[in-house]
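Derivation of every value follows stated rules applied to the coordinates shown; laboratory data play no part. In this text, all values refer to a predicted model and were calculated from it rather than measured experimentally. With ideal geometry, Cβ positions are generated from the backbone for all residues, glycine too; neighbour counts draw on all protein chains shown.
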Amino acid sequence: MSVSSKASSESAILSALNANNPFERPPVVKGQNIWGESFPDVLTLNARASDSVFSALKKIQNADSSLEKVTSIVFTADRGVGKSHVIKRIRKRLQATSEGIFVYASADKYGDLNLINALFQQSIAESLEQQGGEGVTQWQEIAVLMVAEALRSNKASATVPSALGLVRKFDIAYQKTRAQGKDLVGDLTKAIRRLKPGADPYILRAIVWTLSEERGSLAVKWLAGEQLEAQDAIDLRLPPNNKTEEEVNASALTVTAKLLSLLGEYKSVVVCFDELDTIAADKNGYPAAFVMLDLVKRLSDSVSQSTDAKGVLMLTVMIPNTWLHVEQQNAAASEKISAHGKPIDLEYLNSETVKDLAAVTLKRFYRRKGLIPPTVIFPLEEDVLTTYGKGKPSPREALKWLASKLNEILSDQVTLVSPSERFEQAYQNALTQFDPDELNDNDRIAVVLRFGFEKILEIERIKDKPIEGVTLTQIEDIAPKSKNNGRLNFKVIGQENDESVAIGIGVLQETHGLSVGAGFRRLLDSKTFGFSRGCLVRSRDRKIKRNWDSFEYYQQLVSAGGEWVDLTAEDIKPLFALQYVYEHHEKFDLSVRRLDSFAFTRNLLQENALIKEILSRPEGTVVEDALEGDELQRLNEQADLSTLENDLAMALSADDDAVEAEAQADLQEFAEALAV
Amino acid sequence: MASKVTPLYAETRILLNLWALDKTPASKSKFVPSGKPYASALDRLTESEDLAVGKKRGNSVYSLAEEGMSKLAAGLQDESFRFSTNIGPKTTNALLSWLREKNVGFSASHSNGQAPSDSRDGNGSAASIESYEDFSKAALSTYDRLNRDYNLGDLVPIYRIRREMGDRLSRQNFNEWLLDVQANDLIQLMGGELSNVTADQLEDSVAIPGGRTRFYVKRL
């Protein structure tokens, strides 16, 4: 159409920009966000860094020697230069091309560095719960490859179903073979083990179980090193992991090395270690960076690959100073942490990439608004950006500068209206810039929610009036941090009829059971964290499956006086908008005092449905609508845990020909069951 | 420990003490430490006319001659001049005022050729820097030397480069030209962790236009 090929009117563009400055709310990639979708990327920026990972992957995939199948790369960059951004690019490319498995380990979330091995095992399990390339989780991708290999070795012409097909049919096939008195998972495990004799049979078994919709989340829980209920352990025929934290940690290094070794046999693995530069330290006083790097070194010593393996690559990102210390203090370790050679320095922007960054951000904005700008960087001017780029700013600095530059250009647009109109305009505009993707970001939501509660405490006229019967007195961090591992977010403390209440808030928007379960356990542990009730903040349409451990936890939470509060875009949006207006109050020429008064008169805090729901007394009922699926059917009601381990050992060691032939026949049936 | 007092040590200390006195000429009791080596050092200095001798109420009074200044500068530069025991505030304060007055003082170009200024820029002179080309050359060679000598792992603090080159160009030229060297892709200026940085180090760093302070140089 001729209309669409014409540029939009300048005034339409400027007023859209005036309403929402796209540079003011840049998508900062952090933590959880690594897994998210929306992502404006300047592909030319740091292409060398991301390409180097992929060329290293090619190299380890094709290497003839098993020693060359494990390698490591280091990226160095200052804060704000875009480390996490490049990591996300690598993660997305791995997912899009199905080239490999991505594991993300962030020291930022590691509360107790003395348990580093166990925490890293958790990170592996959680990372592999994320979606891989074929509509299934990364665990399932690996399981599918294992099963396919086993089926093909059984019968070369065996048809192997698609990943999604296998996952959909697995439970049915399992039940079918079980009715015939067979243990499908056991047979598959045995068949896989014939091909991978060195692999840990329990780990194989657990990975096969991840294919099950019913028991997959329990299997992942086991793979994360967590304890299983006795009955669950019996049903899965896995040892129940009855260990103390310290014991788990002690065995976790071996387990993680085994896991990575096994994963690498089927798919290339990129393990990324991020956020090393935190101030945390372990009990010996070693800083987080040292503890993490020590882990990387030990893993590179203990992960082993066969000559046919796809390889394991460890990518560590840190600030240049940290690397300098590593190099100067321990040259031997530095070779293991950066086997690929010298660390790759991430680039700052230059004149060209500053323009690219501006263009990419504006393009996204104009597309959403249905506008066509006269130039890709309109209304910014090329020579101004070129000059600015010469200073080689970091992307974070550049976005800030671009935001203020754009505001300068737009300052003519500001019409002189009353403060209350200015507020209304700013607030309404801010409401429209809410991105639904933000509902995936636990941390971001928690920050905004906490802002709301803190504002209530700050504003005199709101402070002393009870909301839903509760008068707030304080907002606190979750302590001890070492037990929390970043799962819960903060505590709201107040008075309710002369009784003090302390509500522990956990925003848990994950869509897999492992992370939600880990959060739930902390919501239930009111003693450790010192609150009177736990409050799960989670969208109700992110249903909890009845076969998750969280189903049980949810019931426990309710009976302990806690609740699950529904997180909706509608309720959180106003808090996002209000926080934005406070943050940019100078731009709107509004003082914080005035904003406080607007927030008060417009009831933006005291009447916010989410805040009210958190403070109101829990109804004490489980919301059935927020649950889905069936409860677990017990498989071995009569079995006894004490015989399990003997039983397992025997079943796994039985390797004689008769059993083998039988197992092959069973697999045949399984293949047929799947083919239906 | 008199036995350790070398002629160089004795002479330099005498010269330093005399230099630091508020009032000259002064009688020898004001600036000559006790001990035989110092007495003979005083004689040598008088003989070589490093000190000018006058008379005041019948006593000998001394003042520092031009040659003595050079000798003092050279003596302080000489690596074999070192303290082997605790010294009092008088001497340390004298050193401090020397450092302050000479603005780190190490460019005493009329000294005996041992001043490190010769090895410092690679071009053998401490002449002022008038152009971007000269700056770029001098800055990069200063970078290389500091990086090598102090094992800085390719992260050389800007303030150290500035202090090495400081007396050869204005602060403003340093800032401008350093950014130009970066714009020409020869170096990258980096922020780094500034937690242990002192105010004066920060002051001697460089801020990029519209951005934050850069602390390190990394050669590309």
- prompt: Per-residue ellipticity at 222 nm for the protein assembly as shown, helices alone: DSSP H runs ≥ 4 residues times -39500 (n - 2.57), over residue total, nearest 500 deg cm²/dmol?
  reply: -15500 deg cm²/dmol
- line: In whole µm²/s, the translational diffusion coefficient that Stokes-Einstein assigns to the protein assembly as shown, given a Kirkwood hydrodynamic radius over C-alpha pairs, 10 °C and 1.306 mPa s, equals 49 µm²/s
- prompt: Roughly how many Å is it from the Cα centre of segment A:45-88 to that of segment B:1-76, as a whole number?
  reply: 66 Å
- line: Given backbone amide H placed at 1.01 Å from N, residues whose amide H is under 5 Å from that of A:Ser72, ignoring those fewer than 5 places away on the same chain, are A:Met314, A:Ala339, A:His340
statement: The long-range amide H neighbours of A:Ala280, using H built 1.01 Å from N in the peptide plane and a cut-off of under 5 Å, are A:Ala288
statement: With +1 at each Lys and Arg Cβ and -1 at each Asp and Glu Cβ, the charge dipole magnitude of segment B:2-100 around its Cα centre, to the nearest 20 debye, comes out at 540 debye
task: Please give the average number of partner chain Cβ atoms lying within 10 Å of the Cβ of each residue in B:148-160, rounded to a whole number.
output: 2
query: Which Cα, out of A:Pro239, A:Thr189, A:Leu119, lies furthest along the positive dipole direction of the protein assembly as shown (beta carbon charges, K/R +1, D/E -1)?
result: A:Leu119
FRET E, pair A:Asp435, A:Arg540, Förster distance 22 Å, beta-carbon r, rounded to 0.05: 0.60
- request: Please list, in chain and number order, the residues 5+ apart from A:Val501 or on another chain whose amide H is under 5 Å from its amide H, with Hs placed from the backbone.
  value: A:Gly494, A:Gln495, A:Glu496
query: What distance in nm separates the simple spin-label points at A:Lys363 and B:Glu176, each placed 7 Å from Cα in the Cβ direction?
result: 3.7 nm
message: With the crude spin-label approximation of a point 7 Å out along Cα→Cβ, what separation in nm comes out for A:Ser251 versus B:Ser48?
response: 8.0 nm
Relative packing of B:46-56, A:136-146, A:225-235, B:178-188, which averages over residues the other C-beta atoms within 10 Å, highest first: A:136-146, A:225-235, B:178-188, B:46-56
task: Note down the nm distance, to one decimal, between modelled labels 7 Å out along Cα→Cβ at B:Ala183 and at B:Ser195.
output: 3.6 nm
- request: Calculate one ³J(HN,Hα) per residue across segment A:274-288 by plugging θ = phi - 60° into the Karplus curve 6.51 cos²θ - 1.76 cosθ + 1.60, and present them in order as whole Hz with x for glycine and proline.
  value: 10, 6, 6, 8, 8, 7, 4, 9, 8, 5, 8, x, 6, x, 3
query: ³J(HN,Hα) across segment A:161-169 via Karplus (A = 6.51, B = -1.76, C = 1.60, θ = phi - 60°), whole Hz, x for Gly/Pro?
result: x, 5, 4, 5, x, 5, 5, 5, 9
message: If you take each beta carbon of peptide A:319-325 and count the beta carbons of other chains within 10 angstrom, what is the mean?
response: 5
statement: The whole-number value in µm²/s of the Stokes-Einstein translational diffusion coefficient for segment B:132-219, with Rh from the Kirkwood sum over alpha carbon pairs at 20 °C and 1.002 mPa s, is 166 µm²/s
message: Give me the inter-chain shielding for B:206-218: mean count of other chain Cβ atoms within 10 Å, whole number please.
response: 5
message: Charges at C-beta only: +1 for Lys and Arg, -1 for Asp and Glu. How large is the resulting dipole of segment B:132-219 about its Cα centre, in Debye rounded to 20?
response: 120 debye
query: If you take the charge dipole of the protein assembly as shown about its Cα centre, with +1 on Lys and Arg Cβ and -1 on Asp and Glu Cβ, which of A:Thr210, B:Ala94, A:Leu43 is farthest toward its positive end?
result: B:Ala94
field: Anisotropy class of chain B from Cα gyration tensor, a/c 1.5 cut
entry: prolate
- prompt: Once the Cβ-Cβ distance between A:Thr387 and A:Val592 is put in as r, and R0 is 45 Å, what FRET efficiency do you end up with, to the nearest 0.05?
  reply: 0.85
task: Please turn the phi angles of segment A:196-212 into ³J(HN,Hα) values with the Karplus equation 6.51 cos²θ - 1.76 cosθ + 1.60 (θ = phi - 60°), one per residue in order, whole Hz, x for glycine and proline.
output: 10, x, x, 6, 5, x, 5, 5, 4, 4, 5, 5, 4, 4, 4, 6, 7
